[in-house]
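**Student:** The following block contains the structure, expressed as structure tokens.
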Amino acid sequence: MRMLNLALQGGGSHGAFTWGVLDALLEDGRVGLEGLSGTSAGAVNAVALASGWAAARAARRDPREGARTQLAAVWNAVGALGSLGSLQQQFIRLLWSGWAPEVRQAWTGAGWRGLVSPYQSNPLGLNPLRDLLERQIDFGLLQAQRELKVFVSATHVPTGKAVVFGGAKLRLDAVLASTCLPMLFQAVEIDGEPYWDGGYSVNPPLSPLIQECSSADLAVVQLNPLRRPGVPRTAEEIQDRVGEITFNASLLTQMRAVDFINRLVSEGVVPPEHAKSIRVHRIDGEGVLGELPASSRVSADPAMITQLFEAGRAAGRSWLAAHHDAIGQRGTVDIGRDYLDDSRLHLQSAPPLRMRSVGGGFRSWLGRLWRKP
């Protein structure tokens, strides 16, 4: 069976698209999963899949069907919240982060000074996602299972660094931290340290899938479009695009690192026994999600969730039809075209680096950084 690692990007209720992609991959059955990483809604999808898988395995049932059932249960619960009255709908908008209308209006009208801190507006630290996940996810079983490697990311508030939680640290609070937008929720404390949404620092985390998993095939389920035509004009359009660029920035940085290491391996600077080339794939909803404003991420409308789920299923099936045979053989993403900076053009006149002359200490360091399990 061809093995694949999945990195699931965050994007609020657009994560229903990822649900559809995962459902299609699980239903198809030709691809094995080794590792999952996720940020924000991607973290929710990752733990839902893994917990459903583990529960079914423990009950001697088909783990793929268990994962599909658990993902559906989580997203149906989200849709049920979106079907409630106006007060509950306002609250569910906060659940999926983004810019709720009242927050957007305050920001555009008075800047950050016009906003109320969540420590004032929500002193009890209420979060509907906590109750939802407590009902749906068995975190004890999730931590105990060893079949799937699961990682979720958050941002360490004092340093701004990305922190990845996995294994025994994959607790409810880790997922809440991964989804914690600071203007809406109080920072989530884990072992005495405060954390915010992982999208600010790494969205989604690729390194743990590269370092901790044997498979060299990594597929990113990408929700934020890499490109939007035209120039944003309104305050809402500008803020939406700023948010997309911000939450894609870490992915571009990680892809540059992947491309760099792949080139070192292919050129023999790092011996293949010390590192592995990463075969990168991408399943994205640019054709569907690119037509939606970024602000739609805060909607929990059941009809939209169903629409995104079906679009994700179609994208997953289409990707499998086009690229299944490439898994284990070659990447299907042109990293240079899609992710590398155009600023490289300004360096064309500089003499090329003689990477082969670098000492063994550097090679050893790179090998440890990108080690081959």
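The values are calculated or read from the model by the stated rules, or taken from the named source; none is laboratory data. Small disclaimer: the values here were computed from a predicted structure and weren't measured. Here the Cβ positions follow ideal geometry from the backbone for every residue, glycine too, while neighbour counts run over all protein chains shown. For the accessible areas, the whole protein counts, side chains as well, though only heavy atoms, and no ligand, DNA or RNA atoms are used. Shrake-Rupley method; radii C 1.70, N 1.55, O 1.52, S 1.80 Å.
Quick grid of which residues meet (1) open to solvent by 10 Å² or more (accessible area, probe 1.4 Å); (2) at pLDDT below 95:
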| position | (1), (2) |
| --- | --- |
| A24 | no, no |
| G42 | no, no |
| N45 | no, no |
| W53 | yes, no |
| A59 | yes, no |
| R104 | yes, yes |
| L126 | yes, yes |
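**Student:** Which numbered condition trips up V116, out of (1) among the hydrophobic types (A, V, I, L, M, F, W, C); (2) surrounded by 13 or more Cβ atoms within 10 Å (Cβ to Cβ); (3) free of Cβ contacts under 8 Å to residues at least 40 places away in the same chain?
**Tutor:** Condition not satisfied by V116: (2).
**Student:** Inspect region 171-181 for any residue being at pLDDT below 95 and out of contact with any strand residue (DSSP E or B) (no Cβ under 7 Å at 6 or more places or on another chain) and give the result as yes or no.
**Tutor:** So far as region 171-181 goes, no, none of its residues is at pLDDT below 95 and out of contact with any strand residue (DSSP E or B) (no Cβ under 7 Å at 6 or more places or on another chain).
**Student:** Inside region 285-295, can you point out the residues that are in contact with a Phe, Trp or Tyr (Cβ under 9 Å, 6 or more places away or on another chain) and modelled with pLDDT of 75 or more?
**Tutor:** Of everything in region 285-295, those that are in contact with a Phe, Trp or Tyr (Cβ under 9 Å, 6 or more places away or on another chain) and modelled with pLDDT of 75 or more turn out to be G285, V288, L289.
**Student:** Yes or no: region 161-181 includes at least one residue that is among the charged types (D, E, K, R), farther than 27 Å from L6 by Cβ and open to solvent by 50 Å² or more (accessible area, probe 1.4 Å).
**Tutor:** no
**Student:** Please work out which one of (1) open to solvent by less than 30 Å² (accessible area, probe 1.4 Å); (2) closer than 26 Å to D197 by Cβ is the condition A73 fails and give its number.
**Tutor:** Going through (1) open to solvent by less than 30 Å² (accessible area, probe 1.4 Å); (2) closer than 26 Å to D197 by Cβ one by one, A73 breaks only (1).
**Student:** Look at K149 and say whether it is at pLDDT 95 or above, of a type in the set (K, R) and in contact with a Pro (Cβ under 8 Å, 6 or more places away or on another chain).
**Tutor:** yes
**Student:** Follow-up. Is it fair to say A100 is at pLDDT 95 or above and either more than 24 Å from L184 (Cβ to Cβ) or open to solvent by less than 20 Å² (accessible area, probe 1.4 Å) (or both)?
**Tutor:** no
**Student:** Taking the options A321, A303, A315, name whichever one is of a type in the set (G, A, S), surrounded by fewer than 21 Cβ atoms within 10 Å (Cβ to Cβ) and modelled with pLDDT of 95 or more.
**Tutor:** A321
**Student:** Taking the criterion of being without any contact (Cβ under 8 Å) to a residue 60 or more places away in the chain and open to solvent by less than 20 Å² (accessible area, probe 1.4 Å), would at least one residue in region 138-151 satisfy it?
**Tutor:** no
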